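Computed from the coordinates by the stated procedures, all read-outs in this text should not be read as laboratory data. Note that this is a predicted model, so its numbers are computed, not measured. Every residue, glycine among them, receives a Cβ derived from its backbone with ideal geometry; neighbour counts consider all protein chains shown.
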Amino acid sequence: MTTNLRNAVLVAGAIAAVAGCAGTGSSPEQSAAWDREAQEVMARSFRDQGIATVDRLKQDEVMAACSTHGQHIDDELRERIQAAAQADIKWPSDGNYLGDWKEGEKLAQSGRGMTWSDKADAPNGGNCYNCHRITKKEISYGTIGPSLYQYGKLHGNTETTQKYVWGKIWNPNAYTACTNMPRFGAHGILDEKQIRHLVALLLDPKSPVNAE
Ligand code: HEC
């Protein structure tokens, strides 16, 4: 068999296998078995190193519910997850939501932190550009999350918006139960001062986010 032909046969086989799965569906028992197998492979593949420990592989209740139900999560469970996250938000101790947008931009750019080579007491970055467009000037950004460019211009720098952005960064699950955005405050990734800077980055009228 030529290499091309062999590849063609392999591809046809793979398509048949995928079609087979899609056609017959999989029982809950089969899904649970695959899930267990995946967990075992992950447990075998990772080990603790520095501050990056394998307990991160353990799903909490919210992650487990979202893995199981995804977008099909029912209203009651969605409400329950959001209400628990909402109650968990720590609001700014001095009632002030806005920091320095310049510091916020540095944090949004920085993806540092929480890896095995980081020190436990080194401050983490916010990594926001990995998922969001934010300023016009920065052309390197991810699209997992919506564009935040002109966020303040579009939503207004009111206390209601400041509160929402704060809460969203603290624990995004409070507003979108099964979001892919990290829980920066709730998980101790960012502290109060850092969150203030990020709220300013999005809402301060002087921030380049709100420039033309
Ligand atoms: C891993 C990807 C990811 C990272 C990193 C991330 N976000 Fe998000 N973000 C999302 C997704 C996905 C959404 C849309 C779903 C939702 O609302 O939770 C979102 C939504 C938002 C919203 C709400 C937008 C709206 O109009 O309601 C804000 C504000 C926001 N992110 C700010 C930030 C900030 C600030 C950072 C950095 C500290 C950040 N995000 C980091 C994925 C991410």
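What number, rounded to the nearest 500 deg cm²/dmol, is the helix-based mean residue ellipticity at 222 nm of the chain, given -39500 (n - 2.57) per DSSP H run of at least four residues and division by all its residues?
-15000 deg cm²/dmol
Segment 53-111: percent of C-alpha pairs farther apart than 14 Å?
Counting every Cα pair in segment 53-111, those more than 14 Å apart make up 73 percent.
Label segment 88-210 by shape, choosing from rounded, prolate and oblate, from the square roots a ≥ b ≥ c of the eigenvalues of the Cα gyration tensor; if a/c is under 1.5 it is rounded, and otherwise prolate applies when a/b is larger than b/c, oblate when it is not.
Since a/c stays below 1.5, the shape of segment 88-210 is classed as rounded.
Taking the beta-carbon count within 10 Å as an exposure proxy, list H132, H187 from fewest neighbours to most.
H187, H132
Contact order normalised by length for the chain, with contacts defined as Cα pairs under 8 Å and 6 or more residues apart; what percent is it?
After rounding, I find 24 percent.
Please tell me the relative contact order of segment 88-210 in percent, rounded to the nearest whole number, where contacts are Cα pairs under 8 Å and at least six residues apart.
37 percent
Of the trypsin sites (Lys or Arg not before Pro) in segment 23-75, which ones lie in a loop per DSSP and count no more than 14 other C-beta atoms within 10 Å?
R47, K58
Once you compute Rg and the Kirkwood Rh from C-alpha atoms, what is the Rg to Rh ratio for the chain?
1.07
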